[in-house]
Structure formats: C-alpha cells, structure tokens
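Read-outs throughout are calculated quantities, based only on the coordinates presented, and are distinct from any laboratory measurement. What you see is a predicted model; the values in this text were computed from it and never measured. FYI the Cβ positions are ideal-geometry reconstructions off the backbone, even for glycines, and counts take in every protein chain you see.
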Amino acid sequence: MSQAEAIRSPRLLWTFGLLRSELLTTFRRWRTLALLAVLAGVPILVGIAVKIETSGGSSVGGGRDGGGGGPAFISQITNNGLFLVFTALAATLPFFLPMAIGVIAGDAIAGEANSGTLRYLLVAPAGRTRLLLTKYATVMAFCLVATLVVAVSALTVGALLFPLGDLTTISGTQISFTEGLGRALLIALIVAVSLIGVAALGLFVSTLTGSGIAAMATTVGLLITVQILDQIPQLHAIQPYFFSHYWLSFADLMRDPVYWDDLVKNLEIQALYAAVFGSAAWARFTTKDITA
Amino acid sequence: MDEPSATEPERDREDAGESVIATRGLTKRYRGGQLAVDGLDLTVPAGSVFGFLGPNGSGKTTTIRMLMGLIEPTSGAARVLGRPMPRSSRAVLPHVGALIEGPALYGFLCGRDNLLRYDAADPTADPRTRRARVATALDRVGLTAAAGKKAKAYSLGMKQRLGLAAALLQPRRLLVLDEPTNGLDPQGMREIRSLVRELASDGTTVFLSSHLLDEIEQVCTHAAVMAQGRLITQGSVADLAAGVRGRLVVTTPDTGDAARVLKEQGAADVVVTDDRVTAEPPDRDLAEVNAALVTAGVRVRGFGVERASLEDAFVALTGEGFDVAG
C-alpha cells in the first residue's frame with residue numbers, strides 16, 4: 001500500500017497527459033479527418049473553377065465580387081497563385097470553417113455524456129475544470145489545424161495551377177513573394193483566432209445537453225442565424241457584437257500599411273466571447289449533476 | 001495544487017474511522033421533486049466485500065454517483081476513504097476504481113487505446129508505466145487477445161471486462177462495482193467472482209451492487225438493502241441471513257410422532273405438512289434430536305436444516321419480490 005501511495009501524487013507534467021490523449025483521440029477520428037478533407041477540397045474546387053473559366057483568355061472578376069462577399073482577391077488568382085490562399089480563406093470563413101468548429105466543439109462534452117464515457121473520465125478523476133480546459137484547448141487546436149489545412153491546400157493548388165511571384169496589395173503597392181507568404185501565414189493565424197468565439201459558444205452549448213447531435217445542430221444553427229442577422233441593415237446597432245461581424249477584416253492585412261482598426265475589434269470580440277461563454281461553460285459544467 | 005497529496009495524518013484519520021464509505025443523512029432530491037435517496041446512513045467497513053442490494057429504482061445508482069462526486073447531494077454528507085465527497089474528488093478518486101451503470105467505451109478506439117485514454121485522464125497515473133499497467137489490466141480480465149480490436153466490435157461481456165480493466169489500472173483501495181457480472185456467461189461470472197475475492201484478499205474494499213442475490217451471498221461479507229430511496233438494513237451477511245432463521249425439516253411417514261418428539265426436544269413452531277415436519281431448531285446438537293426421533297420409533301426419511309437464504313431475508317425485509325420497482 002505504501003508503494004501505491006508513493007506514486008499517487010499528481011505531477012504538473014502528467015496533467016497534460018489528458019490533453020495529449022484528447023488531441024490524439026480527436027485527430028485520429030474518422031469524422032475529424034472527413035471534416036478536414038472537405039475543408040481541403042474547397043481551395044481545389046475554387047482553383048480548378050478559376051482555371052477553367054480563364055483558360056479561354058477571359059479574366060475573372062470585374063463585375064463579380066469575391067467569394068463570400070469578401071474582397072476581390074479572386075480576380076488576382078490568375079496572376080499569382082498565392083491569392084488562392086486569401087480567396088479560399090475568405091470563402092471558407094463564413095460557413096465551412098465555423099461549421100467544422102461547431103461540430104467539434106458541440107460534441108466535446110455532450111458527445112462524451114452521450115456515450116457515457118464522461119462519467120468514467122470524471123471518476124478517473126480528470127477533474128471538471130481540467131477536462132473543460134483540455135476540451136477547449138483541443139477545439140482551438142482544431143481551429144488552427146483546420147485553417148492551416150485550407151491555407152496549405154490553397155497554396156499547393158495555387159502553385160500547381162498558377163504562376164507565383166511578387167504581389168500587389170489592395171493599396172496597390174508591390175511586396176515580395178516571401179513577404180506575401182508571411183502575410184498569408186499571418187492571415188491564416190488571424191482566421192484561426194477569429195474562430196475562438198464560435199468555439200467557446202459551441203463548448204458552452206455542449207455543457208447544456210447530453211446529446212452530441214443536439215449540441216452540434218444548435219451551434220451550427222446559431223452560426224447561421226447570426227450570419228443572417230448580420231446581413232439585415234436595420235440591425236446595424238447590434239451587429240458589431242456578433243462574433244462574425246469583423247471576420248473578413250483579415251483582408252486589411254493585405255493593405256500597405258496594414259489597417260489595424262477592424263482587426264483589433266475582431267480580436268476584442270473574440271476575447272469577449274471566449275470570456276463570457278468560457279465562464280458560462282465552466283459555471284455550468286463544474287456544478288452539473290452527471291447522470292448520463 | 002491546493003490538495004495535498006495523500007500523507008500520513010490523513011491516513012491516520014481514515015484508519016481511526018475504520019470505514020471506507022460513511023454517509024450521514026445523505027439525500028438527493030432531483031429537480032422534478034422526486035426523492036431518489038432519502039436520509040441514507042451507510043457504513044462500509046474497511047476490508048469488507050460489501051453487497052449493495054435493492055430493486056430497480058431504489059436509489060442505488062444515485063447513491064453510487066453521489067459517492068463518486070458525479071452528483072451533488074441535496075443534503076447530508078458522504079465521506080469516502082475518510083474525506084468528504086465531492087469536495088475531495090481529486091485526492092480520493094485516484095484510489096478508487098469504479099464501474100458505474102455498465103461500461104462506457106469509445107467505440108472507434110481499440111480496447112487498449114480505451115484504457116490508455118482513461119489512464120491518461122488520471123493526473124496521478126505515471127505515463128512511464130502506463131502501457132505496462134494497461135497490459136496487466138487487460139491480462140487480468142482475460143482480454144489480451146482482443147486488445148487490438150475496436151471496442152464497438154466487442155460483445156457485452158467483453159465490454160464489461162474492459163470496464164473492469166479500467167477500474168484495475170492502478171492498485172486501488174476501494175472498488176465500486178455496479179452490476180459487474182451483467183452480460184457475462186456463467187464462466188465469466190465465476191472468473192469475476194474469483195477476481196473480486198482475490199482483490200479483497202489483497203486488502204481492497206469492494207463495494208458491489210448486484211441484483212443477483214446468490215452472487216452477493218457467495219462473495220460478500222457485508223450487505224445493505226435499499227428500497228424506495230431508504231436504507232432498510234445493513235450488516236454482515238451472516239447476521240442478515242440469521243435474521244430469518246433456518247428451519248429443521250424432518251421427512252417421515254410418522255408425522256404425528258415426529259412432531260411430538262420434536263416438541264419434547266425443545267423445538268418451537270412445529271408445523272406438519274403432508275409428510276414433512278418443520279420446526280425452529282432447538283439449541284442442542286441436532287444429532288441428538290435425530291437419535292431421539294429414531295429411539296421413539298419414528299421412521300425418518302430425511303433430516304436436515306434448510307438454511308435461510310439472503311433472498312428470504314430480502315423478501316422478509318422489503319415485503320416484496322426482488323424485481324418490483326419502488
């Protein structure tokens with residue numbers, strides 16, 4: 001017994017074993033891989049569509065606006081494949097990316113409750129706060145991976161189908177390809193950070209129900225609702241508080257000099273959502289009776 | 001890091017109590033107003049194999065969930081390993097292995113990965129010995145051959161075994177096993193029973209809920225009976241069964257003479273039915289009673305004591321069949 005006592009004090013490093021296990025479990029799941037595959041497919045479709053449309057010598061763009069109401073990056077793709085990265089992120093940010101986050105975040109706690117594994121994790125004892133933090137960290141890791149998958153897929157397709165080289169910013173100045181690549185990476189990070197609000201919201205919804213499907217559906221439903229409300233002009237007074245309102249501000253990173261106002265507002269709103277819904281999720285989860 | 005690790009003073013406190021589980025007035029009322037557990041005073045002595053009995057819906061599972069810190073009691077207190085629950089979950093639960101309401105597994109992971117995950121959830125589990133401990137636990141429940149199979153392909157019995165393996169990942173001081181032989185074949189049940197005995201002989205206290213009374217009778221030293229959220233009785237299995245005494249049964253064609261002789265020998269409550277005479281056994285050597293019968297010319301076909309089973313005790317206590325829900 002005394003030997004058993006000796007090995008039973010928690011070590012700081014051991015506590016991250018759960019995070020490692022959670023990451024492994026999440027990213028080895030067939031469902032996660034399917035979501036990532038769909039996200040990787042979007043730039044391929046956009047790239048091929050642009051290639052086919054311009055193969056006759058005509059140019060894209062002109063009267064059309066860019067994917068998802070974003071900036072008109074799409075017209076530049078034929079000149080520089082790097083613009084496919086920006087186009088693909090602008091096309092996936094309004095719906096595909098947050099939907100994937102909603103699935104992962106919504107299922108985080110509710111899915112475990114649904115399968116009954118939650119009670120065994122808590123009895124292990126995972127600790128409620130530790131488990132919630134681990135889940136949130138994993139969802140954020142998924143945000144980053146999902147965004148990078150889109151960006152890398154777009155860069156690959158762009159490099160294969162179109163020329164690469166120096167690029168012109170929205171402000172009209174020229175920057176080198178290396179600096180462009182750096183900005184593309186920065187944009188990908190900003191896009192990943194833009195998803196923190198949805199992730200916190202999804203995690204909170206996930207603590208409310210014992211059904212993974214219900215939590216996923218609610219999160220994605222909220223996402224669509226907010227996206228629609230953000231388009232109604234009469235609601236302009238509350239629109240700045242929607243988590244998606246400043247999402248497309250990442251395009252400002254392509255200005256020279258960079259226009260920071262909306263970018264900062266976006267980060268503020270994401271931090272606000274993370275704080276509010278993170279606290280709500282914590283308050284709910286640490287006091288909940290686990291009957292599943 | 002506010003929880004100190006298990007240290008000596010804390011163990012002294014617990015040893016002084018001599019009880020591994022102690023509840024005082026433990027009560028749970030669900031939000032709908034339903035009273036699931038009503039003023040439970042349960043004491044599980046250290047080193048015992050404790051059978052927890054009761055019809056479905058009697059509050060057994062709610063009690064176990066409160067003991068494991070999954071449900072907050074409405075009132076009352078529960079101490080596990082001498083410390084209050086659910087407040088001391090982090091210090092107590094690493095010493096407790098539990099199987100609650102059947103196993104729950106990640107169907108998309110193989111058996112071994114399921115155990116690796118549950119072990120990783122315990123911050124006091126050493127990752128360096130994780131694989132070895134998982135292999136030992138798998139071996140202990142006889143699942144080594146199926147360790148690489150996806151858990152969703154497991155039969156109910158295999159899932160149950162894997163759930164047990166999760167409870168055995170570390171040396172435990174308390175095992176809480178809710179219906180551990182559910183879904184197992186007779187051979188599997190025997191294996192689990194011998195495993196429980198083996199663990200108990202190592203000094204682990206086992207808290208076993210079951211609806212199989214003969215199972216409780218075979219492995220448990222102590223038992224408690226719940227019905228409709230209340231604790232009806234608790235004590236050693238021998239005492240509980242003794243509450244309903246066994247009866248002396250004499251099979252004979254000479255029932256009249258036999259009844260007379262038994263009364264002379266000091267037997268009380270003599271009842272004659274067909275060719276059987278039953279009575280409460282007198283406080284003397286039954287061999288002499290038999291000799292007296294034969295001396296009196298009673299032709300004895302059969303002579304013996306029908307032992308009261310725990311089931312008799314249970315029916316006598318609850319006044320109902322075992323499977324009737326509260």
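To the nearest 0.05, what FRET efficiency results for A:A37 and B:D41 with a Förster distance of 60 Å applied to their C-beta separation?
Values: r = 58 Å, r/R0 = 0.96.
Calculated transfer efficiency: 0.55.
Counting only helical runs of four or more DSSP H residues, what would the 222 nm mean residue ellipticity of chain B come to if each run contributes -39,500 (n - 2.57) and the total is spread over all its residues? Write down the numbers at each step before the final one.
Details: 12 runs with 114 residues, N = 326.
Value at 222 nm, helices only: -10000 deg cm²/dmol.
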- In debye, nearest 20, what is the charge dipole magnitude of chain A about its Cα centre with +1 on Lys and Arg Cβ and -1 on Asp and Glu Cβ, if you could check? 1020
- B:D283 paired with B:Q187, simple spin-label distance in nm, labels 7 Å along Cα-to-beta-carbon: 5.0
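Can you give the longest stretch of chain B with no exposed loop site, where a site means chymotrypsin sites (Phe, Trp or Tyr not before Pro) in a DSSP loop (not H, G, I, E or B) with at most 16 other C-beta atoms within 10 Å?
Counting at most 16 other Cβ atoms within 10 Å as exposed, the longest clean stretch of chain B is B:109-321.
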- Query: At a Förster distance of 45 Å, what's the computed FRET efficiency of B:K150 paired with A:S176, Cβ-Cβ distance as r, to 0.05?
  - Reply: 0.35
- Query: Put +1 on the Cβ of each Lys and Arg and -1 on the Cβ of each Asp and Glu in chain B; which of B:V176, B:A165, B:A259 then has its Cα farthest toward the positive end of the dipole?
  - Reply: B:A165
- Output field shielding_mean for A:23-31 (other chain Cβ, 10 Å radius) holds 2
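What does the extension gain come out to for A:T291 and A:L235, with contour length at 0.36 nm per residue minus their alpha carbon separation? Don't skip to the answer; put the middle values down first.
Working: separation 56, 0.36 × 56 = 20.16 nm, distance 4.09 nm.
Result: 16.1 nm gained on full extension.
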- Query: Using a Gaussian network model of chain A with C-alpha springs under 10 Å, which one of A:T25, A:T138, A:T129 is most mobile by mean-square fluctuation?
  - Reply: A:T25
- Report, ordered by chain and residue number, the lysines lying within cross-link reach of A:K135, taken as a straight Cα distance under 30 Å and ignoring same-chain residues fewer than 8 apart. A:K265, A:K288, B:K28, B:K149, B:K150, B:K152, B:K159
- Note on the structure: If exposed means trypsin sites (Lys or Arg not before Pro) lying in a DSSP loop and surrounded by at most 15 other beta carbons within 10 Å, then the longest stretch of chain B lacking such sites spans residues B:150-244
- Note on the structure: Under the 7 Å Cα-to-Cβ spin-label approximation, A:L272 and A:I224 lie apart by a distance in nanometres of 2.6
- Message: If the only charges are +1 at each Lys and Arg Cβ and -1 at each Asp and Glu Cβ, what is the size of the charge dipole of the range B:8-238 around the Cα centre, to the nearest 20 debye?
- Response: 820
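Quick one: putting +1 on the C-beta of Lys and Arg, -1 on the C-beta of Asp and Glu, what dipole do you get for the range B:245-307 around its Cα centre, in Debye to the nearest 20?
Values: 9 positive and 11 negative charges, 22 e Å.
Dipole about the Cα centre, nearest 20: 100 debye.
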- Backbone N under 18 Å from the A:L13 label point (7 Å along Cα→Cβ), restricted to the range B:104-140: B:120-132
- Query: Over the alpha carbons of chain A, what is the largest minus smallest coordinate on each principal axis, giving the biggest first in Å?
  - Reply: 78, 47, 33
- Averaged over all directions, how much area does the convex hull of the C-alpha atoms of the protein assembly as shown cover when projected, in nm²? 37.2
